[in-house]
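Okay, so here's the structure we're looking at.
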Amino acid sequence: MLRGCREGSVLASRRWFASGASFDVVSPADGTTVVATVSADDDVSITTKFCGAVQAKRSWRKMPWEDRAARMRTFAERVRDGAGDISRIITSETGKPLTQSRAEVNAAARRVRAMIDLSERARARLESNSVRASSGSVTEKVVHEPVGVVAHVSAWNYPAFLAVNVLVPALLAGNAVLHKPSEHSPGVGERLRTLLLQSDVPSDVFQVCQGGRDVGRALVRLQGLGAVAFTGSREAGTEVAAVAARSHTRAILELGGVDSAYIRPDVSDVERAAASVASGAFYNAGQGCCAVERVYVHRDVYESFVEALVSEAAKLRAGDPADETTTLGPLVSLEALRRVEAHVNDAVRSGASVLFRGKAPPSAGYFHPAVVVGGDALRGSQRARLMTRAETFGPVAAVIPVHDDEEAIEAMNDTSYGLTASVYTSDGAAAESILGRLDVGTGYWNACNVPSANLPWTGRQGSGGGSGGCTLGEEGYTSFTRPKALYMRSRA
């Protein structure tokens, strides 16, 4: 089997693991109901899929770009038409409220179409700048080729969004993709593969590898990968980066954040700012890479902002995620629930006041109520893990008073993460100046937690980024290409 696969040595000579087993996906809403049983991959099946991808990409990359784009447009339509089915899968597996799951899938369909247009613009820009010098019989030019086979180790919190963020630009660029969904949300990956097949994408061009961390490790250790795209924890991302570096494989990392917002005293509408921050903190039960966890508020508007934020938090309705009226679902696992509880307790031990604590439904599921903590105790050294040290990834917002812009900037930068940050003010010039001094990949003025397909999605420090590339924007397309320099002499 391995002799026919020439894209590198594929696997180490030893077997890493042999699974051949299956795993259950348990509903976070009650902690007991098995919503899916999935066959796990092992080193043999991963090798087989990789070899199939190596073969398939050769004809896929030769296909005219316009033909690949046409298939992606069909795929976007099928995602849109299948939104009801896909959203139910997301809700049953992750506990995300159904309305939010449906919004994710519909937005994912729109994002596919947007990324096709962005990729077309990026491709045109690259081609227009292809010839770098021409004199007499010599032409010097640059062409951009697909990287090859892309391994995508994805996360569970936005399984449709995160999948299309990688698979669309990667496939448009002429690559093949091996996609590993989280073991918490395996169903969406399989459903997307079915829709790609129905859109006339060859079967081996996009394949799904199922399983836990052992499958993820086996996938990123494949020799001959063109790139690894990873979304997940900083600890796992560090391991992925180290493995990729040993084989000189490009690593595209998105490792989350402990994101912050700053409310200036000249904010035009405190209630509107509080509603925006509440959405950023509590949407999807706070389980977002760019969820707002730290809110710094100028003392002049601190009391009014806290009152407005608490009012917004009190509107949340926790309950059955399949219920159309539910706005706060469970956390994804018992481990996640215990982590959030520990972070809140740590903040209280550090002197924080609990300004609001909602009610969790009487259920055996992994529900955590919305919580707002705050006070001067969270200023200065900021000892609480909730503040800067690790992602809480739950429905918790910490609100801290500050005296001025300088104190806010210093506090917002006091973290080893750097994904997004927000500034709420009526002064756009001040917002841009403050955002320019924050070490983050994305800055927002009077908004938060709204990644745009038009802009590159990247982080700083422990949030990933680096030189491997990124997703979204025109840069998301070029991240799955590699330049080749051509020195062309017409006469020998």
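The values are calculated or read from the model by the stated rules, or taken from the named source; none is laboratory data. Since this is a predicted model, take the numbers as computed values, not measurements. Note: ideal-geometry Cβ built from the backbone for every residue, glycine included; neighbour counts use all protein chains shown.
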Subset of segment 245-269 [free of Cβ contacts under 8 Å to residues at least 40 places away in the same chain and buried (at least 21 other Cβ atoms within 10 Å of the Cβ)]: T249
Checking V399 against (1) loosely packed, with under 15 Cβ neighbours inside 10 Å; (2) at pLDDT 95 or above, which single condition isn't satisfied? (1)
Is segment 422-435 home to any residue that is at pLDDT below 95 and not in a strand (DSSP E or B)? no
Strands (runs of 3 or more DSSP E) fully within segment 194-265 counting 3 or more residues that are more than 30 Å from V79 (Cα to Cα): 259-263
Looking only at residues that are modelled with pLDDT of 95 or more and among the hydrophobic types (A, V, I, L, M, F, W, C) in segment 245-254, which one is nearest to R460 (Cα to Cα)? L253
Residue pairs within 6 Å by beta carbon, gap of at least six or interchain, first lying in segment 431-457 and within 20 Å of F161 (Cβ to Cβ), second of a type in the set (F, W, Y), listed first then second, are P451/W457
Of all residues making up segment 461-492, the number that are more than 19 Å from A163 (Cα to Cα), outside any loop (DSSP other than H, G, I, E, B) and charged (D, E, K, R): 3
Name the pairs: first residue in segment 360-378 and touching a residue at least 60 places away in the same chain (Cβ under 8 Å), second residue acidic (D, E) and in a helix (DSSP H, G or I), Cβ to Cβ under 8 Å, at least 6 apart or on different chains? H368/E341
Boolean, V201 is of a type in the set (A, V, I, L, M) and touching a strand residue (DSSP E or B) at 6+ places or on another chain (Cβ under 8 Å): no
Going by what's in this entry, would A107 be described as farther than 19 Å from G189 by Cβ and either among the small types (G, A, S) or buried (at least 19 other Cβ atoms within 10 Å of the Cβ) (or both)? no
